[in-house]
1. Run down B:VAL360, B:VAL413 and say which single residue is more than 30 Å from B:PRO308 (Cβ to Cβ), at pLDDT 90 or above and among the hydrophobic types (A, V, I, L, M, F, W, C).
2. Among B:VAL311, B:VAL360, which is over 21 Å from B:LEU228 (Cα atoms), touching a residue at least 40 places away in the same chain (Cβ under 8 Å), surrounded by 20 or more Cβ atoms within 10 Å (Cβ to Cβ) and within 22 Å of the chain's Cα centre (by Cα)?
3. Which one of these does B:LEU416 not meet: (1) closer than 30 Å to B:TYR224 by Cβ; (2) assigned to a helix (DSSP H, G or I); (3) touching a residue at least 12 places away in the same chain (Cβ under 8 Å); (4) among the hydrophobic types (A, V, I, L, M, F, W, C)?
4. Condition check: surrounded by 20 or more Cβ atoms within 10 Å (Cβ to Cβ), part of a helix (DSSP H, G or I) and either modelled with pLDDT under 95 or within 13 Å of chain B (Cβ to nearest Cβ) (or both). Does A:ARG117 satisfy that?
5. State whether the residues of segment A:382-392 include one that is under 30 Å from A:GLU279 (Cβ atoms) and outside the structural domain of A:TYR189 (by the TED database).
6. Would a scan of segment A:392-407 turn up a residue that is buried (at least 20 other Cβ atoms within 10 Å of the Cβ) and more than 30 Å from A:LEU286 (Cβ to Cβ)?
7. Please state which of the following conditions A:TYR39 fails to meet, knowing it meets all the rest: (1) outside any loop (DSSP other than H, G, I, E, B); (2) assigned by the TED database to the domain that holds A:ALA309.
8. Might you let me know whether segment A:439-460 holds any residue that is touching a Lys or Arg at 6+ places or on another chain (Cβ under 6 Å) and surrounded by fewer than 19 Cβ atoms within 10 Å (Cβ to Cβ)?
2 protein chains.
Amino acid sequence: MWPPFRWLSELFLSSRPSRLTTILDLLVPFKHRQTILYYDDAFPGLFAATGLSLIGYWVTSMAIAKTKDVFFARGFKGRDLLKNKPEPIPESLGLPTAAVYMALLFLFTPFRYFSSRLQGVVKTGDDWEGRMDGRGGFPHHELASFLSAQLSFLSAIVLGFLDDVFDIRWRYKLPIPIISSIPLLMVYYAGGGGTSVVVPGWPGFLRQWIGSSILELGPLYYLYMSLLSTFCTNSINILAGINGVEVGQALVISISLCINDLLYLDSRAGMAGSRSSKELLRRHLLSLYLLLPLTGVCMALLSWNRYPARVFVGDTFCYFAGMVFSTVGILGHFSKTVLLFFVPQIFNFVLSCPQLFGLVPNPRHRVPRFHAESKCLYPSIQYFGSGNAAEDEKLPNTSLKALRPASMLSTIVLKLLSAVRLVQLDYYDEPKRRIKSTTNLTILNAILVFRGVRHLPSAKAGQTPFTGPHITEYGLWVHTMIIQIAGSCLAFAIRYWVASVVFP
Amino acid sequence: MWPPFRWLSELFLSSRPSRLTTILDLLVPFKHRQTILYYDDAFPGLFAATGLSLIGYWVTSMAIAKTKDVFFARGFKGRDLLKNKPEPIPESLGLPTAAVYMALLFLFTPFRYFSSRLQGVVKTGDDWEGRMDGRGGFPHHELASFLSAQLSFLSAIVLGFLDDVFDIRWRYKLPIPIISSIPLLMVYYAGGGGTSVVVPGWPGFLRQWIGSSILELGPLYYLYMSLLSTFCTNSINILAGINGVEVGQALVISISLCINDLLYLDSRAGMAGSRSSKELLRRHLLSLYLLLPLTGVCMALLSWNRYPARVFVGDTFCYFAGMVFSTVGILGHFSKTVLLFFVPQIFNFVLSCPQLFGLVPNPRHRVPRFHAESKCLYPSIQYFGSGNAAEDEKLPNTSLKALRPASMLSTIVLKLLSAVRLVQLDYYDEPKRRIKSTTNLTILNAILVFRGVRHLPSAKAGQTPFTGPHITEYGLWVHTMIIQIAGSCLAFAIRYWVASVVFP
């Protein structure tokens, strides 16, 4: 082994006596040294991943500082619509972030897999055989998992950046994550991944009806995993629009998944566990190898993208972060748990459905509007037609040409949403039959409506165009983060408390 | 298994009785059927790879036709300097080519690895174990190799496209392929890859001097492989400048490597060979899985990029194609053979060294010049200073500011090159001491000089600025392709004839 590699791998991983012991002698009080060596032995590579995530924070900050002007000069820039300043700021800075992340994973590889301990034995004549056919302790399957994860991340980065450059159409964008999830599914298959789900034991008739406590989904399960990639990559992308919200949600999900992994790090399993408990440990370790560096680079990106944003993240970041989460779920065999942490994104997606599927007109931008004097946000609205073209022309410019009146179905859906204070409706007529306008169906507008901010469409120039509490962009970001964190708490409750009730 | 998947995998791969037999019944005369089934059994996945390369040709042509206007509209365009037409044409069309190639590899994965035969046995209780730990015949290591190859290709594509968008500086560009080769080297290591070279047996003193017939290079061998990636990605990029030359050389190398792989396809090894002969077969099959689709997509790209070019390929293609070759060499354990097929590129690199390392002034473009009236090419030249600034200002515009006179070393090197007719020199004085100009040091200019085309720096406006044979851009392309093909023939001769003499 090449000396610097050996030195570095011993530093983080090695069998004793090693440099790690030397470093511990210098830095750590005697009584803790054995503990650290014990955990290093039980969880190989975890110290290296932690170290790399700290380095990742620092390198990402530096990379963004160095590249933002280049991006700006090449036309990757946009105006921040929710500020008084007219100057554009650099865009697509998710790309250097993702590049640093990929470099970290590449550099991590030898720390995990290029270690004398993993060969199982000292070099002997059958060393070649040992590495080749799975004997001698080389984790070929785990290496394949790790590589397939990197492959799917890189595909997502390419797709995201191409979307930033070319604005790819939806019909081309949707199938790409499905194709790029094939290697991942192949590795899942090679790892003997299960394709069955446990049928809830409560209510009791479900199991009776299905006739078994386990439902074998077979190829449908692969389809589900493949769609999970598409969902995760796009759901972060549509919950966007205010400073720091894309990175913030990714960071909360990433930290939540890390905590979930930590719950499985049972050192006894690593040292002397059964085959299946070792396998469980290994999967959650793999998940941590991928998520810890992500947490590091996201923190750095957030420090640039948080209110007031100095850079925008671009589609690159949303696709990339979403792909990391779905990949971790698939390879870690806990894809359903991952979905639990996406509750706010799922809520936002479901709320958006009437607009995505054409029940309500869908403009290009649905972010809340900015009131320059008070620097506060209020919900953006979308008009319906009145059925009278001449009257429609008097409506404020809505960027959409032909306005249709609200259909029966739209009216019912919107009235239901209005009843739970997720949208604010205005009417053409007094008995409130024909809807004139609705706030746009996103979680950001819904938060404002729920807090009581009311858009006043009839406000004259000079008047404040909204009533209710004054919520700034930063305030709305805090609201969103609180919802995301609450969603994570809910997810933990469902996963570890409700699940034990429903799946006895 | 999901029915369409099963159907497709049976179509190309399966154990009999299968759809393949049905198709053969319909299409192939009886006496050939058993032969096809036999080869299908001996070389799993080869039929699928061949089919996908045909599909690749068709899809790439279509993808280029559909995306070229989008590239053009987004500013990816350039003028063809060697034509009379002033209109720019779209650039960076290597990107859709590479994207189609990656999609083909992704789609190929299940054909090779998702087959009932590879599980070794019919599904039983220990099926999970079978796939998981290398027993039951699942080729985990080969899957890891395949994934690491795709990972390095995708890294090269990202790097190439970023270079097209941002014009990355050399000092950042060079280390990136080294970092992105880490997963590849890891897999090479996991596959028990050798790090020793055989010392030539002739001349005899070499082995005596080293003291062994095998030289263990250890980590230096990894360094060599990592630099191979950098060399291959950049060497195709610097042999560029005329229509079709980047794709043409890649196509010749790709076909040559395919032929080299075919020499190892011994069906007896696949059916009942020893462990090591099966391993050799498997490596060359893997190489074919990667090279056959490349050949397909390159042919399609060439049909768009050949003289007169309708699109340019961009750095993306050069990086991507170079990475495929180096990866195939590393994973197939024949990296030294790959280098043999790069003889023209190595020659071009060595010839360029005086300009790359500052002995001769290095302008941004070194392509031959175009004579609009005759539509022919003649060598481009580079001036040296005369030592007199006032006199230097009378020289034609050379895009470089301060011109230094030729140093002693430059003069010696250039005179040597001139003696073998690779450059054309002009002098300030009669005894031919102070060099006034030299043709640029690229293989394209060298071909023109060697064929006797002479640049006339003193030609007045209206006069033909060169003498000698009339070689058009297409003619120069043919010359380059002949050299590349001759290089491949030489490589085969060295590999299979000289090698047997030198390594007895």
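1. Only one candidate qualifies: B:VAL413.
2. B:VAL311
3. (3)
4. Considered against the rule, which asks whether it is surrounded by 20 or more Cβ atoms within 10 Å (Cβ to Cβ), part of a helix (DSSP H, G or I) and either modelled with pLDDT under 95 or within 13 Å of chain B (Cβ to nearest Cβ) (or both), A:ARG117 comes out as no.
5. no
6. Within segment A:392-407, one or more residues are buried (at least 20 other Cβ atoms within 10 Å of the Cβ) and more than 30 Å from A:LEU286 (Cβ to Cβ).
7. For A:TYR39, the exception is condition (2).
8. yes
The values are calculated or read from the model by the stated rules, or taken from the named source; none is laboratory data. For clarity, every value in this text was computed on a predicted model and none was experimentally measured. Because the Cβ atoms are built from the backbone with ideal geometry, glycine has one as well, and the counts that use them run over all protein chains shown.
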